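Chemist: Shown below is the structure under consideration.
Bear in mind that the values in this text are calculations on the coordinates, not laboratory data. Everything numeric here is computed off the predicted structure, so don't read it as measured data. Virtual Cβ from ideal backbone geometry, glycine too; neighbours counted across all protein chains shown.
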Amino acid sequence: MTSTPSLDVRGLAYAYPDGHQALFGVDLTIGRGERVALLGPNGAGKTTLVLHLNGILAAGAGSVTVAGLPVGKKHMAEIRRKVGIVFQDPDDQLFMPTVREDVAFGPASAGLRGAALDAVVERALEKVGMAGYADRPPHHLSFGQRRRVAVATVLATEPEILVLDEPSSNLDPASRRELADVLRSLDVTVLMVTHDLPYALELCPRSLVLSEGVIAADGPTREILSDEELMTRHRLELPFGFVPGSVA
Amino acid sequence: MGAGHAHKLYRRGDSPVHGLPPHTKLVAVLGFVLVVVTTPREAVWAFAGYAALLAAVAALARVPVGFLLRRLAIEVPFVAFALLMPFVVPGEQTTVLGVAVSVPGLWGAWNILAKGTLGVAASVLLAATTELRGLILGLQRLGLPSLLVQIASFMIRYGDVVTDEMRRMSIARRSRGFEARGVRHWGVLAKSAGALFIRSYERGERVHLAMVSRGYTGTMPLLDERPADRAQWAAALALPLAALPICLLALLG
């Protein structure tokens, strides 16, 4: 089983009901335990791709396979448990009145109760350094804390792959670093959608570039960020003064 | 700190009343109110008895009298209506302090005032000793449809988020030199309200997406079960059960 990739996407194409085509045959494979960044300009189809990974959107053509399990109606509950998506706005992600209930939501939906549920919640909060905040309402937390709790809510279902949509957005530098520490400490496959290229370089050895609905590049993050011609072609720009080669 | 949904009606404490499971308290308050409204209005002494019972509960819950009285202010609009009744209800007339008033009107006003005040006071005590979240879970336990429970839970969770958004929109308006000064500016306020509605609607869609992604299939998992044992039921129902004989005596008398 160790050779089964966490995520395997083959020839994925999708057009929205209004006719706008967002994906034109996406192929990608992410091995177990890999941390991969998904880069691309606004409107490249990143969010559309993410929503296919747990079957919110159904593929027009092609297939998505998570740990050997095809994404489709038949295994939907299992797929949603295996693919943990952390959305960009933690206020959307954290919809229960307290942190504890929110983290418990996924495993409780899967039928877990009582002491086993408490233990899962406790463990998930510990992993993100938020144990001790279980009884707080989410809106009493700082933005960085809310983002980490959002990560805990999906870790609670012990996913095969963690999908993060713009994890560093709106975080102050300290919160950004704390989240990076948390992500590095996790033993889980990570797909990180981001515009924060230094963050991608810091956390993800490998990057994919999604542009105009196809995977335009796939390789080591440092090489991709150093390829000026590729970067310009896909509207990717490094922050002022940042040189990927000079970062250890 | 570490507060749940501490709202302004709730008063933190660890009294025996605070400790009762919410659904038992809900049943107790409903029972008490039913007993009170069944009591004939002429039995003035009975209402004094009910008030004494509530005072005992308040003392047990360590809710200060001042707090209780301030919260009772919610009743004022109904009091205004009750005060009109002696002047508008037709019937036998009498004179109070040199003013002609109707006797049925006076009884009507007393009826509304006494029963209304007791009902509101009981509700204020319930709210002061039970967290909002607990009340909703209590209603769920008592069989309130799951959909209504979910709507109420989301109101608690997103009330502050939406209020915050409203505040930011107001700051943005004022930063660009807008002050609402009269009817002419209502258009702008109406458009803001519309924009707020659309934003909240879109947030609702995003929240739903996040819920579905985490395995939501239409029902919320019921957590934090707080079943009540016999002693707790007995303690909660002591209030309506103590009120019942007063009511029976008044009905017979």
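Chemist: Relative to the longest principal axis of chain A, what angle (0 to 90°, nearest 10) does the C-alpha long axis of helix A:173-185 take?
Modeler: That helix lies at roughly 80 degrees to the long axis.
Chemist: If you don't mind, there's one more thing I want to ask. About the Cα centre of chain A, what is the dipole size in debye to 20, counting +1 per Lys and Arg Cβ and -1 per Asp and Glu Cβ, all else neutral?
Modeler: That gives a dipole near 540 debye.
Chemist: Mind checking the dipole of the stretch A:188-248: about its Cα centre, +1 per Lys or Arg Cβ, -1 per Asp or Glu Cβ, Debye to the nearest 20?
Modeler: Dipole about the Cα centre, nearest 20: 100 debye.
Chemist: Sticking with this one: Quick one: what does P(r) look like for the protein assembly as shown with 20 Å bins over all Cα pairs, in whole %?
Modeler: 19, 41, 26, 12, 2
Chemist: Let me ask another. Explain nothing, just compute: Karplus ³J(HN,Hα) = 6.51 cos²θ - 1.76 cosθ + 1.60, θ = phi - 60°, for every residue of the stretch A:83-90 in order, whole Hz, x for Gly and Pro.
Modeler: 10, x, 9, 9, 7, 5, 9, x
Chemist: Helix-derived [θ] at 222 nm for chain A: sum -39500 (n - 2.57) over DSSP H runs of at least 4, divide by residue count, nearest 500?
Modeler: So the calculated ellipticity at 222 nm is -10000 deg cm²/dmol.
Chemist: Excluding A:L141 itself, what net charge comes from residues whose Cβ is under 15 Å from its Cβ, given Lys and Arg +1 and Asp and Glu -1?
Modeler: -4
Chemist: If you put +1 on each Lys and Arg Cβ and -1 on each Asp and Glu Cβ, how big is the dipole of the stretch B:145-213 around its Cα centre, in Debye rounded to 20?
Modeler: The calculation lands at about 400 debye.
Chemist: Going by alpha carbons, how many degrees (0 to 90, nearest 10) lie between the helix axis of B:132-141 and the longest principal axis of chain B?
Modeler: Helix B:132-141 and the main axis of chain B meet at about 80 degrees.
Chemist: How far is it, in nm, from the label point at A:E212 to the one at A:S246 when both lie 7 Å from their Cα along the line to the Cβ?
Modeler: About 3.3 nm, to one decimal.
Chemist: I would also like to ask the following. Averaging sequence separations of C-alpha pairs under 8 Å and six or more residues apart, then dividing by the length of chain B, give the relative contact order as a whole percent.
Modeler: Once normalised by length, the contact order is 36 percent.
Chemist: With θ taken as phi - 60° and the coefficients 6.51, -1.76 and 1.60, list the Karplus ³J(HN,Hα) couplings across the stretch B:212-220 in order, rounded to whole Hz; mark glycine and proline as x.
Modeler: Each residue of the stretch B:212-220 in turn: 4, 5, 9, x, 5, 10, x, 10, 7 Hz.
Chemist: What percent do you get for the relative contact order of chain A when only Cα pairs under 8 Å and 6+ apart count?
Modeler: That works out to 25 percent.
Chemist: Under 5 Å between amide H atoms, partner at least 5 residues away or on a different chain: which partners does A:A61 have, H built in plane at 1.01 Å?
Modeler: A:A13
Chemist: If you build a Gaussian network model of chain B, linking Cα atoms that sit under 10 Å apart, which residue out of B:H18, B:H185, B:H208 swings the most?
Modeler: Looking only at B:H18, B:H185, B:H208, the largest GNM fluctuation is found for B:H185.
Chemist: Hey, can you grab everything whose amide H is under 5 Å from the amide H of B:S15? Only 5+ residues off in sequence or another chain; H modelled, so Pro and N-termini drop out.
Modeler: Those qualifying (amide H under 5 Å, at least 5 residues apart or on another chain) number zero.
Chemist: Cut-off 10 angstrom, C-alpha nodes, Gaussian network model of chain A. Which of A:P159, A:P220, A:P97 fluctuates the most?
Modeler: Per the Cα network of chain A with a 10 Å cutoff, A:P97 tops the list.
Chemist: Can you show me the helix-derived [θ] at 222 nm for chain B, built from DSSP H runs with n ≥ 4 at -39,500 (n - 2.57) apiece and divided by the number of residues, rounded to the nearest 500.
Modeler: -23500 deg cm²/dmol
Chemist: Could you calculate the contour length gain from B:A59 to B:M166, that is, 0.36 nm times the residue separation minus the distance between their Cα atoms, to one decimal place in nm?
Modeler: 34.5 nm
Chemist: In addition: At a threshold of 8 angstrom on Cα-Cα distance, excluding pairs fewer than six apart, so keeping six or more, what relative contact order does the stretch A:147-231 reach in percent?
Modeler: It comes to 22 percent, rounded to a whole number.
Chemist: Considering the options A:L203, A:A180, A:V247, tell which one lies farthest towards the positive end of the dipole of the stretch A:176-248, charges being +1 on Lys and Arg and -1 on Asp and Glu at the Cβ, about the Cα centre.
Modeler: Checked the options; the winner is A:A180.
Chemist: Here's a follow-up. Name the residue from B:S213, B:T163, B:A193 whose Cα lies farthest towards the positive end of the charge dipole of the stretch B:145-213, charges +1 on Cβ of Lys and Arg and -1 on Cβ of Asp and Glu.
Modeler: B:A193
Chemist: Provide the percentage of antiparallel DSSP beta bridges, counting only those with both residues in the stretch A:7-241; round to the nearest 5.
Modeler: 55 percent
Chemist: Among B:L222, A:V83, B:G105, which residue has its Cα positioned farthest towards the positive end of the charge dipole of the protein assembly as shown, with +1 placed on the Cβ of Lys and Arg, -1 on the Cβ of Asp and Glu, and the dipole taken about the Cα centre?
Modeler: B:G105
Chemist: R0 = 51 Å: FRET efficiency of B:L251 with A:R32, Cβ-based, nearest 0.05?
Modeler: 0.10
Chemist: Could you go through the stretch B:77-84 in sequence order and give the Karplus-derived ³J(HN,Hα) for each residue, using 6.51 cos²θ - 1.76 cosθ + 1.60 with θ = phi - 60°, rounded to whole Hz, and x for Gly and Pro?
Modeler: Couplings: x, 6, 4, 4, 5, 4, 5, 6 Hz.
Chemist: For the pair B:L83 and B:L189, what calculated FRET efficiency results from E = 1/(1 + (r/R0)^6), where r is the Cβ-Cβ distance and R0 = 35 Å, to the nearest 0.05?
Modeler: E between B:L189 and B:L83, to the nearest 0.05, is 0.55.
Chemist: Find the centroid of the Cα atoms in the stretch B:164-179 and in the stretch B:1-77, then give the distance between the two in whole Å.
Modeler: 40 Å
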